[in-house]
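The block underneath contains the structure these notes are about, expressed in structure tokens.
The values are calculated or read from the model by the stated rules, or taken from the named source; none is laboratory data. As the structure is a computational prediction, the values presented were derived from the model and not from experiment. All Cβ positions, glycine included, derive from the backbone under ideal geometry; neighbour counts span all protein chains shown.
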Amino acid sequence: MELLLGKTIDELKETVKILGLPTFTAKQISQWLYQSTVNSIDEMTNISLKNREILKSKYQFGVTANSKVTVSSDGTKKYLFPAGKNKYIEAAYIPDRDRHTLCVSSQVGCKMGCLFCATAKQGFQGQLSAGEIINQIRSIPERDQLTNIVYMGMGEPLDNLAEVMKSLEILTSDWGFAMSPRRITVSTIGIIPAMKEFIEKSNCHLAVSLHSPFNSERSKLMPIQSRYTINQIIDTLKAYDFGGQRRISFEYIVFKGLNDSEKHVNELAKILNGINCRINLIRYHSIPGFNYESPKNSAMHDFREALNRKGIIATIRSSRGEDILAACGLLSTTELRRV
């Protein structure tokens, strides 16, 4: 049976038309789906009982509860969701004073193969629908507290562009969650055609996974470099105006002795010249098979200050949820090992 969650207002209008329901029913359904806490068609009380029965004959509401929640000592929560037979995804809820962020997944696993990422180690099992993406937000108890959504969980968001864009429409539209696009950030490793479409059709923030300013070095970390080089990515970004409140940032996992030298600072300043951006420095969280480590805190701060002196706004992202494998690069459903 088809699910209602994940449908846009235009799709809901088509749905009620096919079912012979009044046109205004589409707006009512969207309000129940995205602006309420009910989880069943029976609870849509401003729709007549007769029309609810017609709706139930073809559709289910679509909210799916998580199957497990793990809580970190720092308050971070990792939610496990089923995503088909023997398939799972994870989302991480990160509270930080008045900021409450949910890191959502866009794919089951990932096909990009970045050497430092645990998700890549489990391979690719499938795409998530817009409904499955939205469900990570809609179903958690902290839903009404959320201030920010980041598409930085499992998968490469722009490798699932159509469903990600659909989910963004639901999140930012008045008939949906009515969130400001300035509260949403989509991450990518730099799939240029999809990145261009995202920039042109969405007002959400963009975060690009960089990790090295040198093509040869980045290619050893990220196989996508052989198709879309960092120079091509930067040139593409320079063609757009990121002024105003829209933000572009670069994610930079720091590996001790690999990408944290003075030459890296100089090259970053060179290639990013002309782009209104910031760099988020991220501590590397160790995974099996990739024998690097994060620099000491003092070295991280020195690297940040060196970038700042070059005129680059650089910040160090706090590591959250490492003890429950919810920190950056660690999301990988261990449930797969049990099936």
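Quick notes
- If you go through the stretch 95-125 and keep only what is among the β-branched types (Val, Ile, Thr), in contact with a Cys (Cβ under 8 Å, 6 or more places away or on another chain) and closer than 20 Å to LEU168 by Cβ, you end up with nothing.
- Considering the stretch 159-182, the residues that are among the polar types (S, T, N, Q) and in a helix (DSSP H, G or I) include one that is surrounded by the fewest Cβ atoms within 10 Å (Cβ to Cβ), namely THR172.
- Restricting attention to the stretch 201-240, the residues that are in a helix (DSSP H, G or I), surrounded by fewer than 15 Cβ atoms within 10 Å (Cβ to Cβ) and without any contact (Cβ under 8 Å) to a residue 12 or more places away in the chain add up to 3.
- The residues on offer are GLY321, GLY289, GLY329, and the sole one that is modelled with pLDDT under 95, in contact with a helix residue (DSSP H, G or I) (Cβ under 7 Å, 6 or more places away or on another chain) and on the phi > 0 side of the Ramachandran plot is GLY329.
- Qualifying residue in the stretch 249-267 (condition: crowded, with 20+ Cβ neighbours inside 10 Å, touching a strand residue (DSSP E or B) at 6+ places or on another chain (Cβ under 8 Å) and among the aromatic types (Phe, Trp, Tyr)): yes
- Wholly enclosed strands (runs of 3 or more DSSP E) of the stretch 98-158 bearing at least 1 residues surrounded by fewer than 23 Cβ atoms within 10 Å (Cβ to Cβ), touching a Gly at 6+ places or on another chain (Cβ under 6 Å) and of a type in the set (S, T, N, Q): 124-127
- Checked against (1) over 26 Å from ILE89 (Cα atoms); (2) within 13 Å of the chain's Cα centre (by Cα), VAL164 passes all but a single condition, namely (1).
- Among the residues examined, LEU12 does not qualify as closer than 18 Å to GLU163 by Cβ, in contact with a Leu (Cβ under 7 Å, 6 or more places away or on another chain) and touching a residue at least 12 places away in the same chain (Cβ under 8 Å).
- Summed over the stretch 1-22, the residues that are part of a strand (DSSP E or B) and closer than 18 Å to LEU171 by Cα give a count of 1.
- Options ILE18, ILE29: the member that is surrounded by 17 or more Cβ atoms within 10 Å (Cβ to Cβ) and of a type in the set (Val, Ile, Thr): ILE29
- Exclusive hit being surrounded by 22 or more Cβ atoms within 10 Å (Cβ to Cβ), hydrophobic (A, V, I, L, M, F, W, C) and either part of a strand (DSSP E or B) or touching a residue at least 12 places away in the same chain (Cβ under 8 Å) (or both), set ALA65, ALA92: ALA92
- Any hit, the stretch 268-279, residues being closer than 30 Å to ALA162 by Cα, among the aliphatic types (A, V, I, L, M) and assigned to a strand (DSSP E or B): yes
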